[in-house]
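Enquirer: Next up is a structure, given as structure tokens.
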Amino acid sequence: MTGMYIDADTLPDSRNDHAIKLHGPEAFAGMRAAGRAAAEVLDMLGGEVKEGVTAERIDTLARDYVLDHGWIPACMGYRGYNHTTCISLNHVVCHGIPGPRQFRNGDIANIDVTVIVDGWHGDHSRMYGIGDVSRKARRLMDVTWESLQRGIEVVKPGATLGDIGHAIQSFVEAQRCSVVRDFCGHGLGRVFHDNPNIVHFGKPGQGPELRAGMFFTIEPMVNLGKHAVSVLPDGWTAVTRDRSLSAQFEHSIGVTENGCEIFTLSPLGLDTPHTLSDPV
């Protein structure tokens, strides 16, 4: 499978050329800056996501923060999308469009932001609970966060993409939840969505081998009910078909010589807000 990989430093531009890019030290430095920027945005929003505030207000705060720092909101204008964030409430799986609906007591929300710093993309999302969140919603968020950690733990040279998917799927299904199949993580760097696709289910040993220098996101979407989703007529918003709650956490990571580096860790330690709930 040697032909699947290419030294990113040899490319004349940032195109997606269907190969898996391997990056060097300068690229790691660029991704650290971009990842930290994305994490800072979500840190800032933590105190703003509360009952009575609208999703479009949160999106405006994120946009202003990004622009005030001289960064670029990657989603603005991407394939016709006109917002800085995606905000996905309750049974929305991903790509929720920020609108005038106010957050209500008991809501759970995923906020997803991608920031471009000096050409590098930092992509990150977290869950936020509003007010008195139900036990089942808290447990779903905890299971989703833990599934992301388990996927990250297996990342090292010589592992495979199937190892990541299996680590996530086996844990989630043991908790009697389901992993969304229709959306996945992705390579990134100077390209927003690049190869390879990172699916969150699979079998050990299958798929491309991980090599030092690979950059990608891991971003499991987990449903309390079945895994099937539908996309609404707006062409963006994906929802659970059975209207069950959904949650997602996402990190941007790089494969190192002996493991991985998480680029989007919160400077304030706010990206691990949940502890695994007691088993049901």
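A short reminder: the numbers here are calculations on the coordinates, not readings from a lab. Remember, it's a predicted structure, so these values are computed and weren't measured experimentally. Note that each Cβ is placed from the backbone with ideal geometry, even for glycine, and that neighbours are counted across all protein chains shown.
Enquirer: Can you tell me which residues in the stretch 117-153 are aliphatic (A, V, I, L, M) and under 25 Å from Val255 (Cβ atoms)?
Expert: Val117, Leu148, Ile152 - these are the residues of the stretch 117-153 that are aliphatic (A, V, I, L, M) and under 25 Å from Val255 (Cβ atoms).
Enquirer: So Val199 ticks every box in (1) surrounded by fewer than 24 Cβ atoms within 10 Å (Cβ to Cβ); (2) in contact with a Pro (Cβ under 9 Å, 6 or more places away or on another chain); (3) not charged (D, E, K, R) but one. Which box is left unticked?
Expert: For Val199, the exception is condition (2).
Enquirer: Checking Arg101 against (1) touching a helix residue (DSSP H, G or I) at 6+ places or on another chain (Cβ under 8 Å); (2) over 21 Å from Ala137 (Cα atoms), which test does it fail?
Expert: The one condition Arg101 does not meet is (2).
Enquirer: So for the stretch 60-77 (the condition being assigned to a loop (DSSP other than H, G, I, E, B) and under 18 Å from Thr237 (Cβ atoms)), does at least one residue qualify?
Expert: Yes, some residue in the stretch 60-77 is assigned to a loop (DSSP other than H, G, I, E, B) and under 18 Å from Thr237 (Cβ atoms).
Enquirer: Just name the residue that is surrounded by the most Cβ atoms within 10 Å (Cβ to Cβ) out of those in the stretch 90-114 that are hydrophobic (A, V, I, L, M, F, W, C) and farther than 16 Å from Lys50 by Cβ.
Expert: Ranking the qualifying residues of the stretch 90-114, first place goes to Val113.
Enquirer: Quick one: in the stretch 27-71, of everything that is surrounded by fewer than 20 Cβ atoms within 10 Å (Cβ to Cβ) and β-branched (Val, Ile, Thr), which residue is farthest from Gly106 (Cα to Cα)?
Expert: Thr60
Enquirer: For the stretch 176-231, which positions are farther than 24 Å from Trp145 by Cβ and of a type in the set (D, E, K, R)?
Expert: Within the stretch 176-231, Arg190, Asp194, Glu209, Arg211 qualify.
Enquirer: Another question, then. How many residues, within the stretch 162-183, are within 16 Å of the chain's Cα centre (by Cα) and aliphatic (A, V, I, L, M)?
Expert: 4
Enquirer: Please identify the pairs in which a residue from the stretch 174-194 that is in contact (Cβ under 8 Å) with a residue 24 or more places away in the chain has its Cβ atom under 6 Å from the Cβ atom of a residue that is of a type in the set (Phe, Trp, Tyr) and in a loop (DSSP other than H, G, I, E, B), counting only partners at least 6 apart or on another chain.
Expert: Val179/Phe201
Enquirer: For the stretch 214-251, name all the residues that are assigned to a strand (DSSP E or B), more than 14 Å from His91 (Cα to Cα) and not charged (D, E, K, R).
Expert: Phe215, Phe216, Thr217, Ile218, His251
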